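The values are calculated or read from the model by the stated rules, or taken from the named source; none is laboratory data. All values derive from a computational prediction rather than experimental measurement. When we count neighbours, we look across all protein chains shown, and the Cβ atoms used for this are built from the backbone with ideal geometry, even at glycine. We work out accessible area using only protein heavy atoms, side chains counted, and drop any ligands, DNA or RNA first. Shrake-Rupley method; radii C 1.70, N 1.55, O 1.52, S 1.80 Å.
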Amino acid sequence: QVIGGLCSANQGAAGAASYTLPTGTALAAALPAAFTTSDSFYFRIVNISTNAAEIATLVGDTGTTVVGNATLAANNATTTANTIGTWLVRMTGANAFSFYRVG
């Protein structure tokens, strides 16, 4: 889903949830061999939950680091802002990636 560029969050259970990124090793293995340090791509998450309590948070794993606001509000009548997040995913080294929040 990360490489595809779009992921939707809809966790249910009337509570917040964390969405953990793949490891840097797994992400590097899934990318083309020509993808190298300083190369980048965009990744977007949309929180489609309509329950205000269902906040989604992007969390890094080994080799993946989230930079900036990692929280996405639910998409309901009271929390319509910050329901979509865009990250620039940049390879920073061997099996290492930074996810920079850009929108």
Residue match in region 9-28 (condition: buried (at least 16 other Cβ atoms within 10 Å of the Cβ), under 14 Å from residue 57 (Cβ atoms) and either modelled with pLDDT of 95 or more or in contact with a Gly (Cβ under 9 Å, 6 or more places away or on another chain) (or both)): yes
Among residues of region 33-80, those that are touching a helix residue (DSSP H, G or I) at 6+ places or on another chain (Cβ under 6 Å) and of a type outside the set (S, T, N, Q), counted: 1
Residues satisfying the stated conditions in region 47-83, i.e. at pLDDT 90 or above and not in a loop (DSSP other than H, G, I, E, B): 47, 56, 57, 58, 59, 64, 65, 66, 67, 71, 72
Selection status of residue 86, part of a strand (DSSP E or B), polar (S, T, N, Q), touching a residue at least 24 places away in the same chain (Cβ under 8 Å) and within 20 Å of residue 1 (Cα to Cα): yes
Residue within region 43-50 that is touching a residue at least 60 places away in the same chain (Cβ under 8 Å) and surrounded by 15 or more Cβ atoms within 10 Å (Cβ to Cβ) present: no
Residue match in region 49-63 (condition: more than 25 Å from residue 81 (Cβ to Cβ) and of a type in the set (S, T, N, Q)): yes
Number of positions in region 51-103 that are open to solvent by less than 20 Å² (accessible area, probe 1.4 Å), more than 24 Å from residue 24 (Cα to Cα) and of a type in the set (Ser, Thr, Tyr): 1
